[in-house]
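Engineer: Sending over a structure as structure tokens; questions will come in a sec.
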Amino acid sequence: MACNNLAMRDDQAPEPNPLLPRRGGLALLLGVPALCATVVGCFTTFSRPMGGYWDDAVALAQHGRIPQDFTPAGYPELVALGIRVLPSHPQAGAIAVQVLLHVAIAVTLYLCLQAWSVPPRRALVATLLLQLHPELLLSVNKIWDVAYSTELLLLLLLCMVMLSRKGPSIALLLGTGISFGFGLFERPNFLLLALPLAIALWAGMRSPRRPQISWPVALATPIVSGIAAFVLCSLIAFHTIDLPHNGPYNLFAGHNQFSRAALLARLNGEPSILPAAQADGHSLSEEQAHADETGPLFTTLAKDFIRSHPKEEAILPAVKLWTLLRPDTKVHKLQSGQGMFKLLLALALPVWLVLLLLRRKSLDVTHGIFILTAVVYVIPFLLTNADPRFRTPLDFLALVQIIAIW
């Protein structure tokens, strides 16, 4: 009998994982992304596709304030940290911060998969593969906000999964609010993500496994912590509470007589702004287009175009959706090797949609929350301006759910 009991206990015990022990798995999770990012940082050329962000980061690091409020300031704040640490080698400081950001993305990816109940070994292997995504890995040596925006969305996705599947806790509610505050400061259109977050909280509060947290506490905790995070970021950047002022600029970029041509040929509506303004009798320089005083003009011109061109307005959302979802071929043509690789990267969303259709009968509320998140993420780009680079965070939403469902 004792032998039988012993055998039964052995059968019920979880099998050890000799290949990926706890410490070894953590070392791989942190070390491999750090090594990959460091290699990219050391052996590729440092570039500034978004030079304005670099100027903002240098100004914040050296003078304690960002002098303009036209574009988002969250990413420049991050880069400024590295410049402050290594003031005599600002590029090295920026790269060091972005290496840490790359590691943070890998950790968040792993935690997302674990929250979906993906087995640890499978989650680790998937994470180590996903962190090789070139839009992330090549961002280490590049001044642009794609990796940072991806991390902000991944953090909110992690919060949604944990809220809906495990129920809320004070720590999770605080983390949700802080992540949302950071995201809102960098991307004001993240405000729409409050809807899937609220549904995730509602699902978690209905769970029998949730801790004894009252609805007032569950609502107040993320709201207060989110406001605090947003205000802190704004005070650091501007010494006042502010948001980016580029809303009218983006609105006009997506609603003028040259928007469709620019979106299809240049994969962004911004090149249409100055020609469209000039066609409407307003000759502007690039600097004037970014000035606060021009915002009301762009809003008026965009509204006039929307009212007077209903047929074009019926077509533009489809053009913007195509622009957002298509391969980013601004630098490399689709027929080139790099262009074909861009096409491969753009397949994540179609594969995700097909898989959702095939597995639709087995989807639960968390899957629905992810789908809603994708929808509300896309809507602002259909209403204003679109660019394929904004698709990268959405690709990772799709990839996480593909791995979870597969």
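The values are calculated or read from the model by the stated rules, or taken from the named source; none is laboratory data. Note that the coordinates shown come from a computational prediction; the quantities given were computed from them, not determined experimentally. Reconstructed Cβ throughout: ideal geometry from the backbone, glycine too, with neighbour counts over all protein chains shown. Just the protein is used for accessible areas: all its heavy atoms, side chains included, with ligands, DNA and RNA removed. Shrake-Rupley method; radii C 1.70, N 1.55, O 1.52, S 1.80 Å.
Engineer: For the chain, modelled as a Gaussian network with Cα springs under 10 Å, which listed residue fluctuates most, Pro76, Pro216, Pro327?
Structural biologist: Pro216
Engineer: Given Cα pairs under 8 Å that are at least 6 residues apart, what percent is the relative contact order of the chain?
Structural biologist: 17 percent
Engineer: Based on the alpha-carbon set only, what is the convex hull volume of the chain divided per residue, in Å³?
Structural biologist: That works out to 184 Å³ per residue.
Engineer: Work out the FRET efficiency for Arg122 and Ala279 from their Cβ-Cβ distance, taking R0 = 41 Å, and round it to the nearest 0.05.
Structural biologist: Efficiency computed from Cβ-Cβ geometry: 0.15.
Engineer: Please compute the per residue accessible area over the chain with all protein chains in place, 1.4 Å probe, rounded to a whole number of Å².
Structural biologist: Averaged over the residues of the chain, the accessible area is 49 Å².
Engineer: Now, a different point. By how many degrees, 0 to 90 and rounded to 10, does the Cα axis of helix 310-325 deviate from the longest principal axis of the chain?
Structural biologist: With rounding to tens, the tilt is 50 degrees.
Engineer: Next question, about the same structure. Pick from Val39, Val331, Val365: which is most flexible by mean-square fluctuation in a GNM of the chain where alpha carbon atoms under 10 Å apart are linked?
Structural biologist: With Cα springs under 10 Å in the chain, the top fluctuation among Val39, Val331, Val365 is at Val331.
Engineer: Subtract the Cα-Cα distance of His332 and Val224 from 0.36 nm times their separation in residues, and report this length gain in nm to one decimal.
Structural biologist: On the way: separation 108, 0.36 × 108 = 38.88 nm, distance 4.51 nm.
Result for the pair: 34.4 nm of gain on full extension.
Engineer: Given the rule -39500 (n - 2.57) for each run of at least 4 DSSP H residues, summed and divided by the residues of the chain, what is its mean residue ellipticity at 222 nm, to the nearest 500 deg cm²/dmol?
Structural biologist: -22500 deg cm²/dmol
Engineer: I would also like to ask the following. Counting other Cβ atoms within 10 Å of each Cβ, which trypsin sites (Lys or Arg not before Pro) in segment 125-226 have at most 13 and sit in a DSSP loop?
Structural biologist: Values: sites: Lys142, Arg165, Lys166, Arg206, Arg209; in loops: Arg209.
Sparse-neighbourhood loop trypsin sites (Lys or Arg not before Pro): Arg209.
Engineer: Give the long-range amide H neighbours of Met50: residues separated by 5 or more places, or on another chain, with amide H under 5 Å away, using H modelled in the peptide plane at 1.01 Å from N.
Structural biologist: Under 5 Å from the amide H of Met50 lie the amide H atoms of Ile143, each far enough along the sequence or on another chain.
Engineer: Put Asp304, Asp242 in order of accessible area, largest first, 1.4 Å probe: what do you get?
Structural biologist: Highest to lowest solvent-accessible surface, that is Asp304, Asp242.
Engineer: Points 7 angstrom from Cα along the Cβ direction at Glu286 and Trp406: gap in nanometres?
Structural biologist: 4.2 nm
Engineer: Right, next: Evaluate E = 1/(1 + (r/R0)^6) for Leu81 and Ile315, where r is the Cβ-Cβ distance and R0 equals 30 Å; express this FRET efficiency to the nearest 0.05.
Structural biologist: 0.10
Engineer: Expressed in nm to one decimal, what extension gain is obtained for the pair Thr45 and Leu325 from 0.36 nm per residue of sequence separation less their Cα-Cα distance?
Structural biologist: Details: separation 280, 0.36 × 280 = 100.80 nm, distance 2.78 nm.
Taking 0.36 nm per residue and subtracting the Cα distance, the gain is 98.0 nm.
Engineer: State the percentage of accessible surface on the chain attributable to carbon and sulfur atoms; use a 1.4 Å probe and exclude ligands, DNA and RNA.
Structural biologist: C and S atoms contribute 67 percent here.
Engineer: Okay, moving on. What does the highest-first list of 265-276, 57-68 look like by mean Cβ count within 10 Å?
Structural biologist: 265-276, 57-68
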